[in-house]
Structures are given as C-alpha cells and as structure tokens.
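Working notes, beginning with the structure itself.
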Amino acid sequence: MPDKDNFNAVIVIENHPADSRVKISEDNVIQTLSSRMGTGGGNVPLVMSVDTSHADDVVRINETVGSLQGRDYKGGKLIMEENAVVRRLTPMECERLQGYPDHWTDIGEWTDSKGKKHKDSDSPRYKALGNSIALPFWQWMAERMVAEYDHPVTMASLFDGIGGFPLVYSRAGAEPIWASEIEEFPIAVTKYHFPEGEEE
C-alpha cells in the first residue's frame, strides 16, 4: 500500500491527450493494466522512472500537482516524482505485472487462423496483456483444485486469452487439452506455448 513517507510502488499511468494520470482506489490499491492498453489512440501503459544520477530523489504524494489537476480526479491523490521521467512500460514489464514469465507474448512473426502472416509488434502484446488475467490468484486456486483429485486432471480453457489458465493449471499438475479464443494474436500465443493442445 502507498505510504506518504516512503512510496516505492510500481505505478502505471494512464496516457490521456492532455496529461498522464494515476488512479489510486480508496483502499490504496494502484491500478495495473486495463483492456484498453495497446488499442491505439494513445492507450499505451506508462511508468515513472527515477533518474538515478540524483541521490536525493524522492517520491511525494500531494493532493494537487500542477498540470495534473483535472475534473476527472474528484479529490483523488496524485503522484509527483522529482527528477523522473514518464516512459512507456515495456511489454515484458506488463507481463511481469500480470504474473506471466518474461517474454511470454514475444512470439515473433505469427500466422493467424486464415493463414495471414503478421510481423512482430508490441501493439497486440499490450492489448492481449491488458485483456488477460493476473496469474497469482489463479495459480493459488489451480493448485488447490488439482490437489482435490486422486486421479490425473485435464482442463479446458474457455475465453482463453494468452494461455493464462493452461499455464497455471499445467504448473499445478493438470494437463491442458483444449482452449477457445476469438482474438487471433492470443490464439497464436497459446498455440506457441501449448502446441499439443487443441485450439478453437
């Protein structure tokens, strides 16, 4: 949780036309990724990065900070960091925020279900990660569900996304055998990591 005197959390910033915004809920939980990430129109996840050449860098939470004031905040707290720059989150940082292994969505050039080839690009990776599940809870759940069975467990994944459910269940000892997804890039990611499974 954010602490006013020692704020060291990773912050994802929403990229808006006029400014960049940080959302912190009433229970002090900071946003991670949203489904809009990577969909164009400036919907790119950003993060604040400290300039390490200054030893006295600090992060302060203030009620208002310059140009970041706006009607959408409605009294919410804003983040200001001295000697820092706002930069785009890398796809790998987005993977880490969602709990995926590094480079999970980095599949290079890929071919969709109609045989069309697509070049390697960050945009579908951002979108797919913004639409994906966050793995830590589901890993906890999968391990407990699989442990209840006294025989080999198989699983099928509906609305699969980028293979998050097959990943956590395979780690828990289940065998993923089938997945269904409508978006082309997520299908390609799941097939890349689970080539033996059936994908629709």
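Among the residues in the range 115-134, are any within 12 Å of the chain's Cα centre (by Cα) and charged (D, E, K, R)? Scanning the range 115-134, I find at least one residue that is within 12 Å of the chain's Cα centre (by Cα) and charged (D, E, K, R), so the answer is yes.
Test residue 161 against the criterion of being of a type in the set (Gly, Ala, Ser), under 16 Å from residue 101 (Cα atoms) and not in a helix (DSSP H, G or I), and give yes or no. Give the steps one after another, and end with the answer.
On the way: of a type in the set (Gly, Ala, Ser): yes; under 16 Å from residue 101 (Cα atoms): yes; not in a helix (DSSP H, G or I): yes.
Yes: the conditions hold for residue 161.
Residue 62 meets all of the listed conditions (1) exposed (fewer than 13 other Cβ atoms within 10 Å of the Cβ); (2) at pLDDT 90 or above but one, namely (2). Can you pull out the residues in the range 144-200 that are of a type in the set (Gly, Ala, Ser) and within 27 Å of residue 122 (Cβ to Cβ)? Within the range 144-200, 157, 161, 163, 164, 170, 179, 180, 188, 197 qualify.
The values are calculated or read from the model by the stated rules, or taken from the named source; none is laboratory data. None of the values given here were measured: they were computed from a predicted structure. Heads up, the Cβs are rebuilt from the backbone with ideal geometry, glycines too, and the neighbour counts pull from every protein chain shown.
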